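Reviewing the structure listed below.
The values are calculated or read from the model by the stated rules, or taken from the named source; none is laboratory data. As the structure is a computational prediction, the values presented were derived from the model and not from experiment. Cβ atoms come from the backbone with ideal geometry, glycine included; neighbour counts cover every protein chain shown.
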Amino acid sequence: MEEIKLAPKPQGYEGEGFFATKLSEVIGLARANSLWPLPFATSCCGIEFMATMGSNYDLARFGMERMSFSPRQADLLMVMGTIAKKMGPILRQVYEQMAEPKWVLSVGACACSGGIFDSYSVLQGIDKVIPVDVYVPGCPPRPEQIMDGIIKIQDLVKEESLRRRYSEEYKHLLESYNIS
Ligand code: SF4
(Lines give C-alpha, C1' and ligand atoms only; values in the text may rest on other atoms or scores of the structure.)
Protein backbone atom coordinates (compact mmCIF):
# COMPACT_ATOMS: atom_id res chain seq x y z
CA MET A 1 0.00 0.00 0.00
CA GLU A 2 1.28 3.44 -0.88
CA GLU A 3 2.28 5.67 1.98
CA ILE A 4 -0.19 8.47 2.69
CA LYS A 5 1.45 11.85 2.15
CA LEU A 6 0.72 14.48 4.76
CA ALA A 7 0.55 18.20 4.10
CA PRO A 8 3.85 19.84 5.06
CA LYS A 9 3.75 21.30 8.55
CA PRO A 10 3.96 25.06 8.99
CA GLN A 11 7.01 26.90 10.31
CA GLY A 12 7.41 26.62 14.04
CA TYR A 13 9.47 25.33 16.94
CA GLU A 14 9.62 21.72 17.91
CA GLY A 15 11.24 19.61 20.52
CA GLU A 16 10.63 16.35 22.20
CA GLY A 17 6.89 15.99 22.55
CA PHE A 18 5.91 19.45 21.39
CA PHE A 19 5.44 21.60 18.31
CA ALA A 20 4.57 25.28 18.52
CA THR A 21 3.50 27.55 15.69
CA LYS A 22 1.29 30.57 15.02
CA LEU A 23 -2.49 30.21 15.05
CA SER A 24 -2.66 31.86 11.63
CA GLU A 25 -0.35 29.17 10.19
CA VAL A 26 -2.58 26.38 11.49
CA ILE A 27 -5.74 28.04 10.20
CA GLY A 28 -4.09 28.70 6.82
CA LEU A 29 -3.00 25.07 6.59
CA ALA A 30 -6.48 23.79 7.44
CA ARG A 31 -8.24 26.18 5.06
CA ALA A 32 -5.87 25.52 2.18
CA ASN A 33 -6.32 21.77 2.40
CA SER A 34 -10.07 21.72 2.78
CA LEU A 35 -11.34 24.21 0.19
CA TRP A 36 -14.94 23.79 -0.83
CA PRO A 37 -15.24 24.83 -4.47
CA LEU A 38 -18.36 26.10 -6.14
CA PRO A 39 -18.05 25.26 -9.85
CA PHE A 40 -19.69 28.01 -11.92
CA ALA A 41 -19.29 26.26 -15.25
CA THR A 42 -21.08 27.59 -18.30
CA SER A 43 -19.37 26.02 -21.30
CA CYS A 44 -16.41 24.03 -22.63
CA CYS A 45 -13.97 24.92 -19.83
CA GLY A 46 -16.42 23.18 -17.52
CA ILE A 47 -15.73 19.93 -19.37
CA GLU A 48 -12.02 20.32 -18.60
CA PHE A 49 -12.99 20.82 -14.99
CA MET A 50 -14.95 17.57 -15.07
CA ALA A 51 -11.80 15.84 -16.30
CA THR A 52 -9.88 17.49 -13.45
CA MET A 53 -12.39 16.00 -11.02
CA GLY A 54 -12.15 12.53 -12.60
CA SER A 55 -10.04 9.67 -11.34
CA ASN A 56 -7.08 10.43 -13.61
CA TYR A 57 -6.36 13.87 -12.17
CA ASP A 58 -8.32 13.40 -8.96
CA LEU A 59 -8.85 16.81 -7.42
CA ALA A 60 -9.83 15.01 -4.22
CA ARG A 61 -6.11 14.72 -3.50
CA PHE A 62 -6.19 18.41 -2.63
CA GLY A 63 -8.86 17.92 0.00
CA MET A 64 -11.56 19.23 -2.30
CA GLU A 65 -13.68 16.31 -3.40
CA ARG A 66 -16.71 17.99 -1.95
CA MET A 67 -18.19 20.33 -4.55
CA SER A 68 -20.62 22.87 -3.24
CA PHE A 69 -23.56 24.02 -5.30
CA SER A 70 -24.69 26.32 -2.54
CA PRO A 71 -22.72 29.57 -2.24
CA ARG A 72 -23.24 29.55 1.51
CA GLN A 73 -21.21 26.36 1.88
CA ALA A 74 -18.37 27.27 -0.47
CA ASP A 75 -15.18 29.28 -0.14
CA LEU A 76 -13.65 28.92 -3.61
CA LEU A 77 -15.61 30.22 -6.61
CA MET A 78 -14.34 28.59 -9.80
CA VAL A 79 -15.65 30.37 -12.88
CA MET A 80 -15.24 28.32 -16.03
CA GLY A 81 -16.63 29.29 -19.40
CA THR A 82 -18.11 32.15 -21.33
CA ILE A 83 -20.00 34.59 -19.14
CA ALA A 84 -22.65 36.53 -21.00
CA LYS A 85 -23.28 40.09 -19.81
CA LYS A 86 -26.75 39.03 -18.72
CA MET A 87 -25.15 36.44 -16.48
CA GLY A 88 -22.83 38.98 -14.81
CA PRO A 89 -25.35 39.99 -12.09
CA ILE A 90 -26.04 36.31 -11.30
CA LEU A 91 -22.32 35.60 -10.91
CA ARG A 92 -22.02 38.61 -8.68
CA GLN A 93 -24.97 37.49 -6.58
CA VAL A 94 -23.39 34.06 -6.12
CA TYR A 95 -20.14 35.75 -5.05
CA GLU A 96 -21.95 38.00 -2.60
CA GLN A 97 -23.77 35.06 -1.05
CA MET A 98 -20.50 33.32 -0.22
CA ALA A 99 -19.25 33.90 3.30
CA GLU A 100 -15.82 35.35 4.03
CA PRO A 101 -13.10 34.30 3.58
CA LYS A 102 -13.60 33.45 -0.08
CA TRP A 103 -11.38 33.19 -3.12
CA VAL A 104 -12.01 33.31 -6.86
CA LEU A 105 -10.32 31.28 -9.59
CA SER A 106 -10.97 32.41 -13.14
CA VAL A 107 -10.49 29.44 -15.47
CA GLY A 108 -9.94 29.86 -19.21
CA ALA A 109 -9.70 32.71 -21.67
CA CYS A 110 -13.45 33.40 -21.68
CA ALA A 111 -13.73 33.87 -17.93
CA CYS A 112 -10.46 35.83 -17.79
CA SER A 113 -11.01 38.18 -20.73
CA GLY A 114 -13.99 37.17 -22.86
CA GLY A 115 -11.69 34.96 -24.95
CA ILE A 116 -12.47 34.83 -28.62
CA PHE A 117 -15.92 36.29 -28.01
CA ASP A 118 -15.20 39.98 -28.40
CA SER A 119 -18.87 40.67 -28.91
CA TYR A 120 -21.64 42.89 -27.55
CA SER A 121 -23.12 40.10 -25.44
CA VAL A 122 -20.09 38.64 -23.67
CA LEU A 123 -18.51 39.97 -20.49
CA GLN A 124 -14.89 40.79 -21.27
CA GLY A 125 -13.56 39.19 -18.10
CA ILE A 126 -15.26 38.34 -14.80
CA ASP A 127 -13.07 40.89 -13.01
CA LYS A 128 -15.48 43.47 -14.43
CA VAL A 129 -18.01 42.30 -11.82
CA ILE A 130 -16.11 40.48 -9.04
CA PRO A 131 -12.53 40.47 -7.72
CA VAL A 132 -10.37 37.59 -8.96
CA ASP A 133 -7.48 35.97 -7.05
CA VAL A 134 -5.92 33.73 -9.70
CA TYR A 135 -6.30 33.60 -13.49
CA VAL A 136 -5.77 30.38 -15.47
CA PRO A 137 -5.16 31.13 -19.16
CA GLY A 138 -5.91 28.81 -22.08
CA CYS A 139 -8.74 27.86 -24.40
CA PRO A 140 -9.36 25.48 -22.82
CA PRO A 141 -6.75 25.14 -20.09
CA ARG A 142 -5.57 21.58 -19.51
CA PRO A 143 -6.48 19.93 -16.20
CA GLU A 144 -2.84 20.37 -15.17
CA GLN A 145 -3.25 24.14 -15.61
CA ILE A 146 -6.44 24.14 -13.56
CA MET A 147 -4.64 22.22 -10.82
CA ASP A 148 -1.77 24.71 -11.01
CA GLY A 149 -4.29 27.50 -10.46
CA ILE A 150 -5.71 25.65 -7.47
CA ILE A 151 -2.22 25.19 -5.99
CA LYS A 152 -1.66 28.94 -6.40
CA ILE A 153 -4.95 29.57 -4.58
CA GLN A 154 -3.80 27.21 -1.82
CA ASP A 155 -0.55 29.19 -1.52
CA LEU A 156 -2.56 32.39 -1.18
CA VAL A 157 -4.84 30.83 1.43
CA LYS A 158 -1.90 29.54 3.47
CA GLU A 159 -0.18 32.92 3.45
CA GLU A 160 -3.22 35.10 3.98
CA SER A 161 -3.26 37.13 7.16
CA LEU A 162 -6.26 36.52 9.39
CA ARG A 163 -6.75 40.28 9.44
CA ARG A 164 -6.76 40.78 5.66
CA ARG A 165 -10.54 40.67 5.37
CA TYR A 166 -10.79 43.53 7.89
CA SER A 167 -8.05 45.62 6.25
CA GLU A 168 -8.62 48.97 4.57
CA GLU A 169 -7.16 47.59 1.31
CA TYR A 170 -9.73 44.80 1.24
CA LYS A 171 -12.57 47.20 2.03
CA HIS A 172 -11.37 49.47 -0.80
CA LEU A 173 -11.23 46.49 -3.14
CA LEU A 174 -14.85 45.59 -2.40
CA GLU A 175 -15.93 49.22 -2.59
CA SER A 176 -14.37 49.48 -6.04
CA TYR A 177 -16.83 46.72 -7.05
CA ASN A 178 -19.68 48.38 -5.17
CA ILE A 179 -19.92 45.37 -2.87
CA SER A 180 -20.67 46.13 0.75
S1 SF4 B 1 -11.91 29.55 -23.01
FE2 SF4 B 1 -12.20 28.28 -24.84
S3 SF4 B 1 -12.67 26.27 -24.00
FE4 SF4 B 1 -13.00 27.76 -22.34
S5 SF4 B 1 -15.16 28.30 -22.44
FE6 SF4 B 1 -14.03 29.77 -23.67
S7 SF4 B 1 -14.13 28.95 -25.76
FE8 SF4 B 1 -14.63 27.29 -24.36
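Please go through the range 169-180 and give me each residue that is surrounded by 12 or more Cβ atoms within 10 Å (Cβ to Cβ) and part of a helix (DSSP H, G or I), ordered by number.
Of all residues in the range 169-180, those surrounded by 12 or more Cβ atoms within 10 Å (Cβ to Cβ) come to 170-171, 173-174, 177, 179.
The answer is Tyr170, Lys171, Leu173, Leu174.
Out of all the residues in the range 59-97, which are acidic (Asp, Glu) and at pLDDT 90 or above? Please lay out each step first, then the result.
Residues of the range 59-97 that are acidic (Asp, Glu), as a first pass: 65, 75, 96.
Those that are acidic (Asp, Glu) and at pLDDT 90 or above: Asp75, Glu96.
Give the range 96-119 a look and list any residue that's without any contact (Cβ under 8 Å) to a residue 40 or more places away in the chain and either among the hydrophobic types (A, V, I, L, M, F, W, C) or touching a helix residue (DSSP H, G or I) at 6+ places or on another chain (Cβ under 8 Å) (or both), or say none. Walk me through it before giving the result.
Restricting attention to the range 96-119, the residues satisfying the condition of being without any contact (Cβ under 8 Å) to a residue 40 or more places away in the chain are 97, 99, 102, 104, 106, 109, 112-119.
Of everything in the range 96-119, those that are without any contact (Cβ under 8 Å) to a residue 40 or more places away in the chain and either among the hydrophobic types (A, V, I, L, M, F, W, C) or touching a helix residue (DSSP H, G or I) at 6+ places or on another chain (Cβ under 8 Å) (or both) turn out to be Gln97, Ala99, Lys102, Val104, Ser106, Ala109, Cys112, Gly115, Ile116, Phe117.
What tally of residues in the range 152-168 results from selecting those that are surrounded by fewer than 16 Cβ atoms within 10 Å (Cβ to Cβ), assigned to a loop (DSSP other than H, G, I, E, B) and either of a type outside the set (Ser, Thr, Tyr) or on the phi > 0 side of the Ramachandran plot (or both)?
So the answer is 2.
Which residues, counting only those in the range 26-40, are touching a residue at least 60 places away in the same chain (Cβ under 8 Å) and over 11 Å from the mean Cα position of the chain (by Cα)?
Ile27, Gly28, Leu29, Arg31, Asn33
If we keep just the residues of the range 41-96 that are surrounded by 13 or more Cβ atoms within 10 Å (Cβ to Cβ) and among the aromatic types (Phe, Trp, Tyr), which is farthest from the ligand (Cβ to nearest atom)?
Residue satisfying both the conditions and the ranking: Phe62.
How many of the residues in the range 1-32 are closer than 16 Å to Leu156 by Cβ and aromatic (Phe, Trp, Tyr)?
0
Suppose we keep only residues that are under 16 Å from Met53 (Cα atoms) and not in a helix (DSSP H, G or I) within the range 98-151. Which one would you say is nearest to the ligand (Cβ to nearest atom)?
If we take residues in the range 98-151 being under 16 Å from Met53 (Cα atoms) and not in a helix (DSSP H, G or I), then Pro140 is nearest to the ligand (Cβ to nearest atom).
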